[in-house]
1. Restricting the search to segment 170-184, which residues are under 19 Å from residue 333 (Cα atoms) and in a helix (DSSP H, G or I)?
2. Taking only segment 58-93 into account, find how many residues are among the acidic types (Asp, Glu) and closer than 18 Å to residue 124 by Cα.
3. Which residues, counting only those in segment 343-393, are buried (at least 16 other Cβ atoms within 10 Å of the Cβ), assigned to a loop (DSSP other than H, G, I, E, B) and either out of contact with any Ser or Thr (no Cβ under 9 Å at 6 or more places or on another chain) or of a type in the set (Lys, Arg) (or both)?
4. Within segment 143-200, which residues are closer than 29 Å to residue 379 by Cα and aromatic (Phe, Trp, Tyr)?
5. What pairs can you find where one residue is in segment 103-118 and within 23 Å of residue 223 (Cβ to Cβ) and touching a residue at least 24 places away in the same chain (Cβ under 8 Å), the other is surrounded by fewer than 21 Cβ atoms within 10 Å (Cβ to Cβ) and not hydrophobic (A, V, I, L, M, F, W, C), and their Cβ atoms are less than 8 Å apart, with a gap of 6+ or different chains?
6. With the requirement that a residue be among the hydrophobic types (A, V, I, L, M, F, W, C), in contact with a Lys or Arg (Cβ under 9 Å, 6 or more places away or on another chain) and surrounded by fewer than 18 Cβ atoms within 10 Å (Cβ to Cβ), what does segment 282-301 give you?
7. If I ask for residues that are charged (D, E, K, R), outside any helix (DSSP H, G or I) and more than 26 Å from the chain's Cα centre (by Cα), which ones from segment 277-321 would you list?
8. Can you confirm whether segment 84-99 contains a residue that is closer than 30 Å to residue 155 by Cα and charged (D, E, K, R)?
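The values are calculated or read from the model by the stated rules, or taken from the named source; none is laboratory data. Given the structure is predicted, the values throughout are model-derived calculations rather than measurements. Every residue, glycine among them, receives a Cβ derived from its backbone with ideal geometry; neighbour counts consider all protein chains shown.
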Amino acid sequence: MLYALQDATYHAAAPMRMAARMARDFWSSPLNPARDSVIGRNLYAAADLYANVTRRYGKPAWGLDSTVVNGVTVAVRETVVWESPWCRLIQFDRDMAGMRRAGKMQLDPAVLLVAPLSGHYATLLRGTVEALLPHHAVFVTDWSNARDVPMMEGRFDFHDYIDHIRTMLGVMGARAHVIAVCQPGPAVLAAAALMAQDNDPGRPRTMTFMGSPIDARLSPTVTNRLAEERPFTWFQGNMIYTVPPPHPGALRRVYPGFVQLASFMSMNLEKHQEAHQRYFEQLVDGDGDSAEKHRVFYDEYLSVLDLTEEFYLQTVDIVFQKYLLPRGELVHRGRKVDPSAITDIGLMTVEGEHDDISGIGQTQAAHDLCSGIPAEMKRDYVQPGVGHYGVFNGRKFREQIYPRVAAFIREIDPDFETGSLPTT
């Protein structure tokens, strides 16, 4: 019912939204002599703000057309190398002629960047991909919006997620590297453990976990406490809704992205209100640069996707309530998952000092679970002064975290030279 009501509200606001867009265009037109008057700037700002807060935000574009390698601009092309109804494996393919001009005669390490499936699109990792591109062959998991997947495609749950990670690592070839950002951590570790148990030639050479709830019992955050305090039936009864027509996934039961977004925004409601107030004032003052930064951020932040009922509820149950992986009780397709079976995969964990989503220690827990990995193949790093988002994006990520991750990959992988890696 809530999903249908949200859709109805969106469509009911269409006339006002259209009127606001027309008013915005009118008061910003260079042909309007009153556009720079006080009333003109205020009416333009009000119309723009209303149009933006009531519109739907579609899937953002990656917008990564090029990268800079050794001072040379190299063209980049998005290529889908594998796909299922639930995910596309995208390679950011760097132009080989440009790479030769940059003096890159040897292939770079292949990295599978596993994006979170927790409400936002994979493009949330645009900055992460941008940092990786000069020194790596980058592949990204581009997860589907469940409301766009027809019912005939069947289910997608936590165990299907693990299978997808195994399949994509296999598609990439022998001994690629995997980086899991936030939510995918437990599933990626489970996939790596199963591949190690099978001596799978496609198992990764290194795995890096960034702000991941490997053991959500440690340093619990507001998110962790909510999962602990509420019974599983509460999540079933209050967080799952049916996708209405005319969406392709009509009748599918999902955890809607707008519910997740409302939860995130409520955690810092005053901050978001102040940001929109500043945006209004920037428009009135004609501060286009600051207003554009606001638009870019919220175009990404407000773009959300739905999760299938089974994936969401199993994640709550397995990761945040029963802690099956750290307790050694996770069973996948009838097989027990044993991280201690991993012996030849390098392990790096990265945490943020002020992370309010995955507290300090939750990601580090991977080191104890992976007791079979030699100490010389393990790294742990806690970045001072950053929260959850800063673990994989922003200036401190580019300048302090990423150089350490890039160096770790090459330290463990003997097939690649250090070359001109960034320094901290």
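1. Taking segment 170-184 as the starting set, the residues that turn out to be under 19 Å from residue 333 (Cα atoms) are 170, 184.
Result: 170, single match.
2. Matching residues across segment 58-93 total 2.
3. 386
4. Passing the criteria: 143, 158, 161.
5. 115/142; 118/260
6. 284
7. Result: 287, single match.
8. So in segment 84-99, the residues closer than 30 Å to residue 155 by Cα come out as 84-92.
Pick out the ones that are also charged (D, E, K, R) and you get 88.
Yes, segment 84-99 contains a residue that is closer than 30 Å to residue 155 by Cα and charged (D, E, K, R).
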